[in-house]
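Everything on this sheet refers to the single structure shown next.
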Amino acid sequence: MTLTQQLITIGIVIAVTIFTRAIAFWLFPEGKKTPPFITYLGKVLPPAVFGMLVIYCLKDSSLFSQTHALPELLSIALIAVVHVWKRNMFLSIATGTVCYMLLMQFVF
């Protein structure tokens, strides 16, 4: 890409980013009530996304493999315990990730 093409590409990316961030404020101004459908999506999409992420992360796990999916299952159990205990999503995810990495590096 030439320098001009690179600058045009960067400009387009900046413009689209600004537009996508600003459109929500244009569609739903502060004084206007949020439509019920948007409120519904705000409630159901986050758990649905996390559910899809869990399924995606576990799609290649096999009970018939050498480790029998034990690192994954132990990490998921730890995530559940930490989340019930502390109610902190970041801490739960970080703890489960560290647990999984340590199990894979030093145990399995």
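With Cα extents along the principal axes in Å defined as stated, name the option among [x] 51, 47, 25; [y] 31, 26, 26; [z] 36, 27, 25 computed from the structure displayed. Step by step, Cα extents along the principal axes in Å for this structure corresponds to label [x]. Taking every protein chain into account, the accessible area of segment 1-47 amounts to 92 square angstrom per residue (probe 1.4 Å).
Taking a straight line from the alpha carbon of LYS59, these lysines sit under 30 Å away, with near neighbours fewer than eight places off in the same chain left out: LYS43, LYS86. For segment 53-108, the solvent-accessible area with a 1.4 angstrom probe is 80 square angstrom per residue. Hey, what angle do you get for helix 70-86 against the long axis of the chain, alpha-carbon based, 0 to 90 degrees rounded to 10? Result, in degrees: 60.
Compute the angle between helix 36-58 and the longest alpha-carbon principal axis of the chain, please, reported from 0 to 90 degrees and rounded to the nearest 10. Between helix and principal axis, roughly 40 degrees. How much of the accessible area of the chain, probe 1.4 Å, is carbon plus sulfur, in whole percent? Looking at the chain in its full context, I get 75 percent from C and S. Taking each residue as 0.36 nm, the span from THR2 to ALA94 lengthens on full extension beyond its C-alpha to C-alpha distance by 28.9 nm. Just checking the listed ones, PHE28, PHE50, PHE19: in the Gaussian network model of the chain with Cα springs under 10 Å, the one fluctuating most is PHE19.
Solvent-accessible area of LYS86, all protein chains in place: 110 Å² (probe radius 1.4 Å, heavy atoms, ligands and nucleic acids excluded).
Using only side-chain charges placed at the Cβ, +1 for Lys and Arg and -1 for Asp and Glu, the dipole size of segment 22-108 relative to its Cα centre rounds to 360 debye.
The values are calculated or read from the model by the stated rules, or taken from the named source; none is laboratory data. Bear in mind that the values here come from a model prediction, so they are computed numbers and not experimental data. Positions of Cβ are generated from backbone atoms using ideal geometry, with glycine treated the same way; all protein chains shown enter the neighbour counts. Each accessible area value is taken on the protein alone, full model and side chains, heavy atoms only, with ligands, DNA and RNA left out. Shrake-Rupley method; radii C 1.70, N 1.55, O 1.52, S 1.80 Å.
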